[in-house]
Amino acid sequence: TPSDAVDYTGASMNVPLTVTSGPLASISVTSIAFGTVYQGSITTKSVNVTNVGTAAMTITGPFLSVVQGGNSNEFVEVKGCPKSLVVGKSCTISITFIAGPFYNPQTATLNIMDNSPVNPQAVVLTATVVDPVAQISPSNLYFSPDKVGKATAAKSITLTSVGGTALSISNVGIAGANPGDFSESGNCASKTISPKAACSISVTFKPTAKGSRTANLVVTDNAQSSPQSI
């Protein structure tokens with residue numbers, strides 16, 4: 001296209017182009033986040049592969065590969081695609097994450113190998129494993145008989161974080177048949193306890209009526225067994 005219209009004249013021509021039909025892969029997602037899961041849990045997620053090209057697509061993978069900071073051994077392919085995918089058809093690849101005792105973020109890459117021009121198709125896999133476990137000692141408290149309206153000496157309970165990751169306590173309270181006869185205090189509520197660390201809870205009994213009085217100390221936290229009750 002000339003800028004000097006006096007000395008130059010534009011010209012055009014037709015050039016024939018030959019395009020060979022071929023496969024083209026399209027994937028439903030480029031990343032799969034398994035989220036935060038408990039140790040020992042098994043989670044399965046999927047990605048769909050579609051041949052949007054004009055010829056059959058040959059699939060030779062997929063393969064799981066490690067990326068920095070990850071442990072691909074915890075990601076397992078449990079369902080794959082057929083070796084050949086005709087035009088317009090889709091298939092599903094299912095990946096399972098088996099949560100082991102590795103508490104740094106787990107990452108891997110699902111590489112879907114095929115004869116598409118853009119190859120492989122990569123899907124980033126991520127997961128974070130947690131293992132908060134609460135241990136309460138003793139498992140029950142018994143208060144000696146006392147007069148109505150008179151408070152007993154406080155008794156102590158120790159809450160220990162015995163899992164692989166921190167224990168986050170959201171609430172400590174009294175429930176059960178006679179919650180008004182018992183009160184609790186201490187340094188556990190709304191606290192995060194590192195593994196092998198502990199906090200204490202004091203419980204006092206002050207009966208409001210005669211007879212047997214019972215209640216439960218309830219601890220709500222992020223452990224799988226939450227809430228814990230004694």
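Any read-out appearing in this document is the output of simple, stated calculations on the displayed coordinates, not a laboratory observation. All of these numbers come straight from a predicted model, not from anything done at the bench. Counting neighbours? That spans all protein chains shown, and the Cβs are built from the backbone with ideal geometry, glycine included.
So the values come out like this:
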| quantity | calculated |
| --- | --- |
| Linear extension gain, residue 154 paired with residue 118, 0.36 nm per residue minus alpha-carbon span | 5.9 nm |
| Euclidean distance between Cα centres, region 85-144 to region 184-230, Å | 33 |
| Proximal charge balance of residue 141 [Cβ under 13 Å; K/R count +1, D/E count -1] | 0 |
| Qualifying chymotrypsin sites (Phe, Trp or Tyr not before Pro) in region 78-176, DSSP loop, other Cβ atoms within 10 Å at most 14 | 142 |
| Which label in (1) 16.7, 50; (2) 31.7, 116; (3) 18.9, 60 gives the computed Rg and Dmax of the Cα atoms in Å | (2) |
| Given 45/83; 150/210; 155/206; 155/210, the pairs whose alpha carbons are separated by over 18 Å | 45/83; 155/210 |
| Calculated diffusion of region 102-155, Stokes-Einstein form, Kirkwood radius summed over Cα pairs, 37 °C and 0.692 mPa s, µm²/s | 187 |
| Principal axes of region 123-230: Cα extent on each, largest first, Å | 67, 23, 19 |
| Share of alpha-carbon pairs per 5 Å distance bin for region 16-65, given as whole % | 4, 13, 18, 19, 14, 11, 8, 6, 4, 2, 1, 1, 0 |
| Loop sites in region 77-144: trypsin sites (Lys or Arg not before Pro), DSSP, at most 13 other Cβ within 10 Å | 83 |
| Spacing of the two label points (7 Å from each Cα toward its C-beta) at residue 225 and residue 146, in nm | 2.8 |
| Trypsin sites (Lys or Arg not before Pro) restricted to region 122-230 and DSSP loop, no more than 15 other C-beta within 10 Å | 147, 150, 196, 210 |
| Amide H contacts under 5 Å for residue 221, placed H, 5+ residues apart | 170, 228 |
